[in-house]
Structure formats: structure tokens, C-alpha cells
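Written below as C-alpha cells is the structure these notes are about.
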Amino acid sequence: MYSKKQRTAAMVGILLILCLIAGLVISAFLNPGGQVFYAFLFCSIACPILLWIYIWLFGKLTGKKTMADFHLGSATNDQPENTENSEDTVTISKNRHFKK
């Protein structure tokens with residue numbers, strides 16, 4: 001379960017992103033080539049990326065797993081690999097050991 005601070009921070013982040021998108025759409029209709037449009041376009045791209053970097057860096061500094069961690073090509077379960085192979089155990093695949 002998430003704490004009240006985490007839920008509040010998530011809601012503020014979602015609200016920020018929704019406001020940026022609304023501002024981008026409104027400025028696109030009112031003045032498509034203006035500086036306000038380009039400012040909203042930049043912020044709509046940069047803010048989510050900066051938020052992701054902040055979450056990732058927070059996880060690295062505290063040693064906790066976060067939703068921003070890289071999990072490319074890794075298994076979905078978080079069980080540690082068993083590196084011991086005894087004579088009566090056959091390793092079929094990662095994290096699965098069967099008795100002979």
C-alpha cells in the first residue's frame with residue numbers, strides 16, 4: 001500500500017501533466033506558431049522525462065526498486081537465482097530446479 005505522501009505526489013504529477021497537455025492543445029488552437037506553444041511543447045516532453053529520472057535516481061540513492069528501474073530482458077519474478085547445483089538436482093531453466 002502506498003502512503004498518503006506517495007499518493008499525493010502521484011496526483012500532483014498527473015495533474016501537472018494534464019495541465020501541460022491542456023495548455024498545449026489550447027495554445028495550438030490560439031497561436032500555433034507562437035512562443036507559448038513551443039514552451040508548452042517542450043515542457044510536455046521534458047517534464048515527464050525529468051520526473052522519470054528523478055524517480056530512477058531516488059531508487060538508486062536509497063537502494064529501493066522503483067517503477068523506473070531498467071528490467072530489460074529479465075525475469076518477472078524477483079526470486080534470487082539458485083547457484084548451487086548438487087548432484088541430484090537438474091537445472092531446467094533459470095530459477096527452476098528438479099530432483100532426479
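The values are calculated or read from the model by the stated rules, or taken from the named source; none is laboratory data. The shown structure was predicted, so the numbers you read here are calculated from the model rather than taken from an experiment. When we count neighbours, we look across all protein chains shown, and the Cβ atoms used for this are built from the backbone with ideal geometry, even at glycine.
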Which residue, of Leu41, Leu24, Leu18, Leu57, is modelled with pLDDT of 85 or more and exposed (fewer than 12 other Cβ atoms within 10 Å of the Cβ)?
-> Leu18
Under 6 Å between Cβ atoms, at least 6 apart or on separate chains: pull out the pairs that start in the stretch 1-17 with a residue that is under 17 Å from Ile45 (Cα atoms) and among the hydroxyl-bearing types (Ser, Thr, Tyr) and end on any residue that is at pLDDT 85 or above and assigned to a helix (DSSP H, G or I).
-> none
